[in-house]
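Before any comments, here is the structure.
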Amino acid sequence: MSILELFITAVALAMDAFAVAICKGLTVEKVKLRHAVITGVWFGGFQMLMPLLGYLCASMFSEYITSFDHWVAFFLLVAIGISMIAESFKKDEEKKETNPFSFMTMLIMAVATSVDALAVGITFAFLDVNIWVATALIDATTFILSAVGVKVGNVFGAGKKNIAEIAGGVLLILLGGKILLQELGVINF
């Protein structure tokens with residue numbers, strides 16, 4: 001994968017975290033730098049860790065499925081994309097928390113927003129990807145978008161959450177289609 005494709009993947013993966021960060025921004029009266037940093041560190045860290053774990057696990061058996069690895073990548077990315085889009089249409093039933101930035105709250109949110117990154121990490125094992133560059137880019141992108149999301153949520157409200165989730169899902173579906181079409185020889189870019 002090229003750096004551009006990795007960046008697009010990073011942005012798509014960060015959309016869940018961005019959407020949740022917007023909600024975090026809604027929960028505080030005045031956003032402070034520490035709110036943005038806490039959110040960025042938690043979400044970025046888990047978005048970096050999960051693809052690495054997926055990659056390491058899948059690397060153990062990738063030699064056995066190289067003949068159909070492009071189909072695995074395609075179906076995983078499309079499934080994740082569809083899931084993200086479907087999530088965007090669900091109603092939020094979030095309750096006001098006493099401390100929306102507590103350890104346990106952030107841990108649960110970070111894991112929940114990075115599960116799709118685990119599946120993408122599995123996909124990376126079947127592609128020509130430098131996992132260290134990929135995870136660093138995913139981490140940095142998610143950190144920045146999450147930190148910005150806290151401020152966006154505080155300033156503009158929850159209206160942008162669904163748009164972010166839909167955009168992330170569409171990007172992952174398009175990337176999955178590109179990988180499949182390239183492997184099948186339909187396109188060559």
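Nothing in this text is a laboratory measurement; each read-out follows from the coordinates by a stated rule. Just so it is clear, the structure is predicted and the values come from calculations on it, not from any experiment. With ideal geometry, Cβ positions are generated from the backbone for all residues, glycine too; neighbour counts draw on all protein chains shown.
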Counting Lys and Arg as +1 and Asp and Glu as -1 over every other residue whose Cβ sits under 15 Å from the Cβ of THR9, the net charge comes to -4
At 1.306 mPa s and 10 °C, Stokes D of region 1-69 from Kirkwood alpha-carbon radius, µm² per second: 110 µm²/s
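Give me the number: length gained by fully extending PHE7 to ALA79, i.e. 0.36 nm times residue separation minus the C-alpha to C-alpha distance, one decimal in nm.
Extra length available between PHE7 and ALA79 comes to 24.0 nm.
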Total lysine pairs whose alpha carbons fall under 15 Å of each other in the chain (8 or more apart, or interchain): 14
Segments 25-38, 103-116, 131-144 sorted - mean Cβ within 10 Å per residue, highest first: 131-144, 103-116, 25-38
(1) -0.55; (2) -0.62; (3) -0.47: which one is log10 I(q)/I(0) by the Debye sum over Cα atoms at q = 0.11 Å⁻¹ as calculated from this entry? (3)
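If the chain between LYS30 and THR105 were fully stretched, how many nm would it gain, using 0.36 nm times the residue separation less the Cα-Cα distance?
25.1 nm is the gain from fully extending LYS30 to THR105.
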Starting at the first residue of region 120-126, write each ³J(HN,Hα) from the Karplus equation 6.51 cos²θ - 1.76 cosθ + 1.60 with θ = phi - 60°, in whole Hz, x for Gly and Pro. 5, x, 4, 4, 4, 5, 9
